[in-house]
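S.K.: Quick one: this structure, given as structure tokens, is what I'll be asking you about.
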Amino acid sequence: MGDDARYRESAFAMGVFLARSGIRLVYGGAHVGLMGAVADGALSAGGRVVGVIPRTLLEREIQHPGVTDLRVVESMHERKQCMMDLSDAFVALPGGFGTMDELFETLTWIQLGLHTKPVGLLNVAGFYDRLIGFVEQMARSGFVRPEHAGVLRVDSDPARLLERMEQFQPPAVGKWLERPTLGAE
């Protein structure tokens, strides 16, 4: 849950907001962590919640008992692909390595043209400020096109974040693989 009560409060509020907005939650299926709190919030407001959990985690009994639809898959890779297929957009809350893995894979897939779905950061208590700065540095240093660096939608408020995500337009540039080499004209 992190070391700041605002993380859990915001996660629960995000779930409530999604449910009241008629938006189905698709997530990793566990009852632990901030995503468990998002699921709790959505379920408390009568929302639809789809959990996608690898069998190994199901066997450890960390699945959320209240999800309205539980999908059991064989691997973490299958889990991410299933969540990608079922989702219309992606929101990262404060988190650790797993959150970063999923966030950057989702961004990479936009960069490669594998999807055109919006990606948002719920920036609770400035949690993502340095990451946002790092993404800007990647673009300034020529590792990421500015158009791709700009795909992230960021806000600390769930309603404003979703509003910004609804306005998302995928970058109208070629894939990064098509970028000319340095010094080429």
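The values are calculated or read from the model by the stated rules, or taken from the named source; none is laboratory data. The structure presented is a predicted model; accordingly, all values stated were derived computationally and were not measured. Cβ coordinates were reconstructed from backbone atoms using ideal geometry, including for glycine residues, and neighbour counts include every protein chain displayed.
S.K.: Please verify whether the range 164-175 includes one or more residues that are assigned to a helix (DSSP H, G or I), in contact (Cβ under 8 Å) with a residue 40 or more places away in the chain and of a type in the set (K, R). Reasoning before the result, please.
M.R.: Filtering the range 164-175 down to residues assigned to a helix (DSSP H, G or I) leaves 164-166.
If we keep only those that are in contact (Cβ under 8 Å) with a residue 40 or more places away in the chain too, we end up with 164-166.
From what's left, of a type in the set (K, R): 164.
So far as the range 164-175 goes, yes, one or more of its residues are assigned to a helix (DSSP H, G or I), in contact (Cβ under 8 Å) with a residue 40 or more places away in the chain and of a type in the set (K, R).
S.K.: Among (1) surrounded by fewer than 19 Cβ atoms within 10 Å (Cβ to Cβ); (2) aliphatic (A, V, I, L, M); (3) at pLDDT 95 or above; (4) touching a helix residue (DSSP H, G or I) at 6+ places or on another chain (Cβ under 8 Å), which single condition is M1 missing?
M.R.: (3)
S.K.: Still on this structure, please answer the following. Given the criterion under 22 Å from F17 (Cβ atoms), modelled with pLDDT of 95 or more, surrounded by fewer than 17 Cβ atoms within 10 Å (Cβ to Cβ) and among the charged types (D, E, K, R), identify the matching residue among E136, E166. Please lay out each step first, then the result.
M.R.: Details: E136 fails: under 22 Å from F17 (Cβ atoms).
Sole residue among the options that is under 22 Å from F17 (Cβ atoms), modelled with pLDDT of 95 or more, surrounded by fewer than 17 Cβ atoms within 10 Å (Cβ to Cβ) and among the charged types (D, E, K, R): E166.
S.K.: Using the structure shown, decide if V26 is under 17 Å from the mean Cα position of the chain (by Cα) and in contact (Cβ under 8 Å) with a residue 60 or more places away in the chain. Spell out how you get there, then give the answer.
M.R.: Numbers: under 17 Å from the mean Cα position of the chain (by Cα): yes; in contact (Cβ under 8 Å) with a residue 60 or more places away in the chain: yes.
Taking the combined requirement at face value, the residue satisfies it.
S.K.: Still on this model: Where the second residue is in a helix (DSSP H, G or I) and crowded, with 17+ Cβ neighbours inside 10 Å and the first is free of Cβ contacts under 8 Å to residues at least 12 places away in the same chain and lies in the range 1-18, which pairs have Cβ atoms under 9 Å and are six or more apart or on separate chains?
M.R.: Qualifying pairs under 9 Å: E9/A37; E9/V124.
S.K.: Where residues in the range 85-129 are among the charged types (D, E, K, R) and assigned to a helix (DSSP H, G or I), which of them is nearest to L25 (Cα to Cα)?
M.R.: The first filter runs over the range 85-129 and keeps only residues among the charged types (D, E, K, R), leaving 85, 88, 101-102, 105, 117, 129.
Remaining after also requiring assigned to a helix (DSSP H, G or I): 85, 101-102, 105, 129.
Details: D85: 13, D101: 19, E102: 16, E105: 19, D129: 25 Å.
This residue is D85.
S.K.: Still on this structure, please answer the following. Kindly indicate whether any position in the range 55-78 is at positive phi and in contact (Cβ under 8 Å) with a residue 24 or more places away in the chain. Spell out the reasoning first.
M.R.: If we filter the range 55-78 for residues that are at positive phi, which is where we start, we get 61.
If we keep only those that are in contact (Cβ under 8 Å) with a residue 24 or more places away in the chain as well, we get none.
There is no residue in the range 55-78 that is at positive phi and in contact (Cβ under 8 Å) with a residue 24 or more places away in the chain.
S.K.: Just a yes or no: is a residue in the range 12-27 buried (at least 19 other Cβ atoms within 10 Å of the Cβ) and on the phi > 0 side of the Ramachandran plot?
M.R.: Looking through the range 12-27, none of the residues is buried (at least 19 other Cβ atoms within 10 Å of the Cβ) and on the phi > 0 side of the Ramachandran plot.
S.K.: Looking at (1) out of contact with any strand residue (DSSP E or B) (no Cβ under 8 Å at 6 or more places or on another chain); (2) farther than 20 Å from M1 by Cα, which one does V32 not meet, given that it meets all the others?
M.R.: (2)
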